Amino acid sequence: MQGTVRTYDAATRSGSVFLDDGSRLEFRAPAFDAGGLRLLRLGQRVNLAVAEGEITAITLSTFPLPADPSVS
C-alpha cells in the first residue's frame with residue numbers, strides 16, 4: 001500500500017499519511033523504526049505495511065518494506 005506523508009514529528013518519530021483513496025492513517029515510532037528511516041518530509045511518497053488497520057512499517061516508495069515488520 002502507498003500513501004503520502006501528511007505530518008511527521010521527528011521528536012516522537014510518529015505522524016500520519018494520506019492514503020491514495022484520501023483517507024488518513026496515523027503511524028507511531030515502532031512503524032517508523034521498522035522501515036529503517038531517519039526522517040520523513042511532508043508530501044513524500046511512502047510504502048506502508050498495514051495490519052488490522054494499523055501501520056506496522058513505513059518506508060520510502062523506492063525502498064522495499066521489511067519482510068516481517070514485527071521484527072526490528
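The values are calculated or read from the model by the stated rules, or taken from the named source; none is laboratory data. The model shown is predicted, which means the values in this text are computed figures rather than measured ones. Note that we place each Cβ from the backbone using ideal geometry, even for glycine, and neighbour counts take in every protein chain shown. With ligands, DNA and RNA removed, areas are computed over all heavy atoms of the protein, side chains included. Shrake-Rupley method; radii C 1.70, N 1.55, O 1.52, S 1.80 Å.
Filter region 1-22 down to the residues that are aliphatic (A, V, I, L, M) and assigned to a loop (DSSP other than H, G, I, E, B), then identify the one that is nearest to residue 57 (Cα to Cα).
Going through the qualifying residues, I end up with 1.
Going by the structure shown, is residue 11 modelled with pLDDT under 95 and aliphatic (A, V, I, L, M)?
The answer is no for residue 11.
Any idea which of 48, 25 is in a strand (DSSP E or B), surrounded by 13 or more Cβ atoms within 10 Å (Cβ to Cβ), aliphatic (A, V, I, L, M) and free of Cβ contacts under 8 Å to residues at least 40 places away in the same chain?
Testing whether each residue is in a strand (DSSP E or B), surrounded by 13 or more Cβ atoms within 10 Å (Cβ to Cβ), aliphatic (A, V, I, L, M) and free of Cβ contacts under 8 Å to residues at least 40 places away in the same chain leaves just 25.
Quick one: would you say residue 43 is of a type in the set (Gly, Ala, Ser) and either loosely packed, with under 13 Cβ neighbours inside 10 Å or part of a helix (DSSP H, G or I) (or both)?
yes
When the residues of region 51-72 are filtered to those that are open to solvent by less than 70 Å² (accessible area, probe 1.4 Å), at pLDDT 90 or above and not polar (S, T, N, Q), which remaining residue is nearest to the chain's Cα centre (by Cα)?
58
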